[in-house]
Protein chains: 4
Amino acid sequence: MNTPIGFIGTGRMGTPMIQNLIAAGFSVRVYSRTMEHTATVVAAGAIACGNPAATVSADGIVLTMLADDAAVRAVMLGENGIWQKLGPGGVHVSMSTIAPTTALDFAKLHEERGSSYVAAPVFGRPDVAAAGKLWVCTSGNAAAKARVRPILAALGQGVVDFGDHVESANVLKLCGNFMVAAATEAMAEAFTLAEKAEVNKQAALELLCGGLFASPIYRNYGQSVVDVSHDPAKFALRLGLKDLRLVRETAVHYGVPMPLADLIFNRLQSGVAKGRGELDWTGLALGAREDAGLNE
Amino acid sequence: MNTPIGFIGTGRMGTPMIQNLIAAGFSVRVYSRTMEHTATVVAAGAIACGNPAATVSADGIVLTMLADDAAVRAVMLGENGIWQKLGPGGVHVSMSTIAPTTALDFAKLHEERGSSYVAAPVFGRPDVAAAGKLWVCTSGNAAAKARVRPILAALGQGVVDFGDHVESANVLKLCGNFMVAAATEAMAEAFTLAEKAEVNKQAALELLCGGLFASPIYRNYGQSVVDVSHDPAKFALRLGLKDLRLVRETAVHYGVPMPLADLIFNRLQSGVAKGRGELDWTGLALGAREDAGLNE
Amino acid sequence: MNTPIGFIGTGRMGTPMIQNLIAAGFSVRVYSRTMEHTATVVAAGAIACGNPAATVSADGIVLTMLADDAAVRAVMLGENGIWQKLGPGGVHVSMSTIAPTTALDFAKLHEERGSSYVAAPVFGRPDVAAAGKLWVCTSGNAAAKARVRPILAALGQGVVDFGDHVESANVLKLCGNFMVAAATEAMAEAFTLAEKAEVNKQAALELLCGGLFASPIYRNYGQSVVDVSHDPAKFALRLGLKDLRLVRETAVHYGVPMPLADLIFNRLQSGVAKGRGELDWTGLALGAREDAGLNE
Amino acid sequence: MNTPIGFIGTGRMGTPMIQNLIAAGFSVRVYSRTMEHTATVVAAGAIACGNPAATVSADGIVLTMLADDAAVRAVMLGENGIWQKLGPGGVHVSMSTIAPTTALDFAKLHEERGSSYVAAPVFGRPDVAAAGKLWVCTSGNAAAKARVRPILAALGQGVVDFGDHVESANVLKLCGNFMVAAATEAMAEAFTLAEKAEVNKQAALELLCGGLFASPIYRNYGQSVVDVSHDPAKFALRLGLKDLRLVRETAVHYGVPMPLADLIFNRLQSGVAKGRGELDWTGLALGAREDAGLNE
């Protein structure tokens, strides 16, 4: 654990992840486009670097946790990017939710230089990251995955592997986010019906999400839906829109009609059009309410 | 517990429920349109009666567990029906999944004669009923509910009350069935995408339904979807279609657009049109597969 | 043309139809639940009657043009209804948009008494009725249709027959209304896209509805959509909701998933929930606008 | 009319368009990636060139009529492309159905070199092109449009202008194609209902598409739907899928939820997944049939 690892992205997810890595004994060198954002992790022991390449040695390991495909592309292929720096033996662990096709592109580029690309997107919001309870999905080169596994193990309660196809973990991550949004829409419609029929929504939530659907997603998201409370955001609606856009593009890529994904995408797109992009993405539930003539 | 209670309907749900009531010390008088169907419960100690009215005394308690609105109507209002028999103090506990508007009609009719109608639909399939683990939702007259509560407690792991409006428990039950079907559609689309993207579906199921969605519905229904295995039926697709039809009619009654309910209804309607009415209702997942060009 | 014919319903459609019958030389005896509504046609030469039965002799012909299934049922089967009055040889020509299953029920009842039921729903709004340019669809008993054909010919520019199954004309009428609403939704989405992309909507309308879609529906309905002008109503949105409800119920009856009908139904249902029931039914187009964040 | 004009693309649309230009007195220099495809127009008097740039002088006019964005990009920006060749005063008239954002990109590139880009997509299939009855929509630089107007006038029955924003004509073209596909889906659902209700579909078509919907699209496309006849293709289903993909991407770009476009897109996507990409795009109507349990 003496060799430092690089970590790029010190936002709401990256910060607690870095803290957990330090707590687990890793040395971490960090980079953020906005230097002030590194203050918290530097206070915890991380070393701030002036550019992406400076976080890692040529055969080292660097993790990226960024907002979208473009942000990963920038730190990988931009000036002082990690792709130029990493050489044979180097590993890029990409933990953001990005398009599977982008993952394939990145993996090919790394292969050209002898470095490896491991897809390792995670499930869980910042509070889950802080608790070290993320679920991590991996795919890509087996040797590279074996090398980074201790690092990933320090970040979550489980690492589930999806094999050699580097895009697989990203497909799976998109499936998961889609299912979360689908559950939100289902509760939005059900609890709107309950409200207009004058059924006690809180009791309904407790029955359904305490029994049949006794899982964190249903309990937590369901409470937001019942309370019509979507502010402050744990995960912004505009980011949910981005994720569902990726789901749709991936579905088109593989030739899979997904009408429920379309329905949810339209709820999110409408939310952004109505100025709700910074609400929590459970705010997609407002669509069903408004269609029924209930106010926001 | 000396006064016998009536129980009408000795099908796949009624039979284990009656057995549990007997095991809990109740005397039970039963009726079924098909007399042979009472054999199992008679062997367990129930007394078979020749018509609905004969199962109950004028001020007694009678439970009905039948396939649909028409079946309940028949034993309540048909020849030798329980409505004529029950008088002041009598209670009809109606446990079937029926329309909220039908519940309202029945409650008014009982009120005319001084008897009470308690709505008490349940969540759980026959194996859950047998284990005495049903969830029971109640609504209606408070005194009547108090009187029947010990009986309902013997049938499940919890009784959740939804107040005085007699139709509320039925609305809630329909919301729950809708949410189950919605989860099935979400998994159908997600796992179809996974399959066409060559992602290991079993691993996907274990990650998603072991973590975020760690609830019985997701695990059990999800396994059927992953295995593309919908036979034999635990709950027939044609009955699921009936339930979603009730969801749609109830949504229209209360003025609530439910596009996700429409999507699921169409999956089920298409399933019946293709001759799959006797498959398990998780077979609605075949729709997403076929739209993606995968075979049944 | 000496024998008078009965006509029940003197609303926005019935009034001009009666005027055209009189202009064509028919004697017409009319009934309306609201007696004042007969003033216009009485001034034109119609004779007002005190109840439905009084409009027609036992073997005569009576036309009904009313709001919905219930209104037809009332004048047919209610006190002094036409069903009791008509006997062998009598013909009831039912021109309202009602459910095909209701038409079947009514036809059976007439058959019991030796009278005939002819389904003859029409296409066209009040201005079209006034111009004598309705399109009339018929179905039912061949001899009865032959007898009433001169009357129907006086009402429109064409009578198209759909054979012996009495419900067929009603199915066809519902198909037509569905297609009109579908065209409205298509234009609503297209012109909303045009507006947000800053494309001249009026020029778009003229190109599309002057060429490819050069038909009255596209031109007239399209102009309302482009102008976002849905008041006053030529055909009220709440009546459109009723018609689409009949489309959905008919689709369920015959086992036909119609996702586009569901989409339109939800637009209309949402319109009523938002207090727009008295707008013109082209107001369903407001749904697409609002989803895109444009104001009403 | 002495200066020759360039025309790139000699497929099913380009060929009759070139023939009409020659018939109108224009000299035409043509290029096709597949040289054999120029034989017909060369026989009619066109001059075949060895590469795109050779079809046009530096300040000349060149029209492109190609399959998709990539094909236009190739002849514009590839080796011996027209972009390098055209200089100040040169005009590129782009008649293909491409993305509005692509049109914007191309226009900017031309501006850099002093040449102009005119968007001029057309409505009409090959038989309409042959009859010189296309509808042409234009947008872009006013002076350039004025210069090419006589050429466009020779191709169709009308040229409708959509102003200075170069992408506008492409947005409009996508709106039109969307509306055509929407009408097809509406007829597919309506005529499937008619078929299962045993209503005469041909009579239904004649009534609806002879009256309310008396336009070429409804009559021609409707006949294919009624006959369940989608082979041979006038416009291939896979190309329809491409167009609807552009509609969806454009809708996302401008923030417009279009659920009906999603429905149609999924019908087309499913059609390709089932191996029907080479059928006519009216074959999207098979989706509604199959969902209702009717066979192909």
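The values are calculated or read from the model by the stated rules, or taken from the named source; none is laboratory data. Bear in mind that the values here come from a model prediction, so they are computed numbers and not experimental data. Cβ sites come from the backbone with ideal geometry, for glycine too, and all protein chains shown count toward neighbours.
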Per-region count, segment D:268-296, residues outside any loop (DSSP other than H, G, I, E, B) and not hydrophobic (A, V, I, L, M, F, W, C): 10
Test: residue in segment C:238-256 that is more than 19 Å from B:Arg248 (Cβ to Cβ) and small (Gly, Ala, Ser): no
Single residue of C:Thr3, C:Thr40 found to be among the polar types (S, T, N, Q), on the phi < 0 side of the Ramachandran plot, touching a residue at least 40 places away in the same chain (Cβ under 8 Å) and surrounded by fewer than 19 Cβ atoms within 10 Å (Cβ to Cβ): C:Thr3
C:His92 in a strand (DSSP E or B) and within 25 Å of C:Lys133 (Cα to Cα): yes
Output for segment B:188-205, where each listed residue is more than 7 Å from chain A (Cβ to nearest Cβ) and under 18 Å from A:Phe123 (Cβ atoms): B:Phe191, B:Lys201, B:Gln202, B:Leu205
Test: residue in segment D:198-205 that is touching a residue at least 60 places away in the same chain (Cβ under 8 Å) and not aliphatic (A, V, I, L, M): no
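Test D:His92 against the criterion of being in contact with a Phe, Trp or Tyr (Cβ under 9 Å, 6 or more places away or on another chain), without any contact (Cβ under 8 Å) to a residue 60 or more places away in the chain and not hydrophobic (A, V, I, L, M, F, W, C), and give yes or no. Before the answer, list the steps.
Values: in contact with a Phe, Trp or Tyr (Cβ under 9 Å, 6 or more places away or on another chain): yes; without any contact (Cβ under 8 Å) to a residue 60 or more places away in the chain: yes; not hydrophobic (A, V, I, L, M, F, W, C): yes.
So D:His92 passes the test.
Tally the residues that are among the polar types (S, T, N, Q), under 20 Å from the mean Cα position of the chain (by Cα) and farther than 12 Å from B:Pro257 by Cα, restricting the search to segment C:251-296. Lay out the reasoning, then the answer.
Looking only at segment C:251-296, we keep the residues that are among the polar types (S, T, N, Q), and these are C:266, C:269-270, C:282, C:295.
Now narrow it down to the ones that are under 20 Å from the mean Cα position of the chain (by Cα): C:269, C:282.
Narrowing the set further to residues that are farther than 12 Å from B:Pro257 by Cα leaves C:282.
Here the count works out to 1.
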Complete set of residues in segment B:242-269 that are within 12 Å of chain D (Cβ to nearest Cβ) and either among the charged types (D, E, K, R) or closer than 17 Å to B:Asp231 by Cα (or both): B:Asp262, B:Arg267, B:Leu268
Scope segment D:214-233; condition surrounded by 16 or more Cβ atoms within 10 Å (Cβ to Cβ) and among the charged types (D, E, K, R); matching residues: D:Arg219
So D:Ala70, is it closer than 29 Å to D:Ala236 by Cα and without any contact (Cβ under 8 Å) to a residue 24 or more places away in the chain: yes
Which listed residue, of C:Thr138, C:Thr192, C:Thr184, is in contact with a helix residue (DSSP H, G or I) (Cβ under 9 Å, 6 or more places away or on another chain), closer than 20 Å to C:Ala233 by Cβ and among the polar types (S, T, N, Q): C:Thr184
Test for A:Ile98: is it in contact (Cβ under 8 Å) with a residue 12 or more places away in the chain and under 14 Å from the mean Cα position of the chain (by Cα): yes
Residues (within 18 Å of D:Ser229 (Cα to Cα) and not charged (D, E, K, R)) located in segment D:192-207: D:Thr192, D:Leu193, D:Ala194, D:Asn200, D:Gln202, D:Ala203, D:Ala204, D:Leu205
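Restricting attention to segment A:210-267, which residues are in a loop (DSSP other than H, G, I, E, B), among the polar types (S, T, N, Q) and farther than 28 Å from C:Ala288 by Cα?
Residues of segment A:210-267 that are in a loop (DSSP other than H, G, I, E, B), as a first pass: A:211-215, A:228-235, A:255-258.
Next cut, among the polar types (S, T, N, Q) only: A:215, A:229.
Answer for segment A:210-267, where residues must be in a loop (DSSP other than H, G, I, E, B), among the polar types (S, T, N, Q) and farther than 28 Å from C:Ala288 by Cα: just A:Ser215.
So which residues in segment B:153-208 are more than 30 Å from A:Leu244 (Cβ to Cβ) and among the hydrophobic types (A, V, I, L, M, F, W, C)? Reasoning before the result, please.
Here is the first cut: in segment B:153-208, the ones more than 30 Å from A:Leu244 (Cβ to Cβ) are B:153-170, B:173.
Result: B:Ala153, B:Ala154, B:Leu155, B:Val159, B:Val160, B:Phe162, B:Val166, B:Ala169.
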Segment C:226-261, residues that are out of contact with any Ser or Thr (no Cβ under 6 Å at 6 or more places or on another chain) and either among the β-branched types (Val, Ile, Thr) or in the same structural domain as C:Ser96 (by TED's automatic domain parsing) (or both): C:Val226, C:Val228, C:Val247, C:Thr250, C:Val252
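Listed residues D:Asp227, D:Asp231; which is farther than 28 Å from C:Val199 by Cα, away from chain C (no Cβ under 11 Å), in contact with an Asp or Glu (Cβ under 9 Å, 6 or more places away or on another chain) and acidic (Asp, Glu)?
On the way: D:Asp227 fails: in contact with an Asp or Glu (Cβ under 9 Å, 6 or more places away or on another chain).
Just one listed residue meets the conditions, D:Asp231.
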Helices (runs of 4 or more DSSP H) contained entirely in segment D:95-187, each with at least 2 residues that are within 12 Å of chain C (Cβ to nearest Cβ): D:100-113
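Identify, from the list C:Ile8, C:Ile47, the residue that is over 30 Å from C:Thr250 (Cβ atoms) and either among the aliphatic types (A, V, I, L, M) or in contact with a Lys or Arg (Cβ under 6 Å, 6 or more places away or on another chain) (or both).
Values: C:Ile8 fails: over 30 Å from C:Thr250 (Cβ atoms).
None of the others qualify; the one that does is C:Ile47.
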One residue from A:Ser27, A:Ser32 being more than 20 Å from A:Gly132 (Cα to Cα) and either free of Cβ contacts under 8 Å to residues at least 40 places away in the same chain or of a type in the set (Ser, Thr, Tyr) (or both): A:Ser32
Filter result for the condition that a residue is assigned by TED's automatic domain parsing to the domain that holds B:Phe106, surrounded by fewer than 19 Cβ atoms within 10 Å (Cβ to Cβ), over 21 Å from B:Thr101 (Cα atoms) and at pLDDT 95 or above, over B:Ile47, B:Ile61: B:Ile47
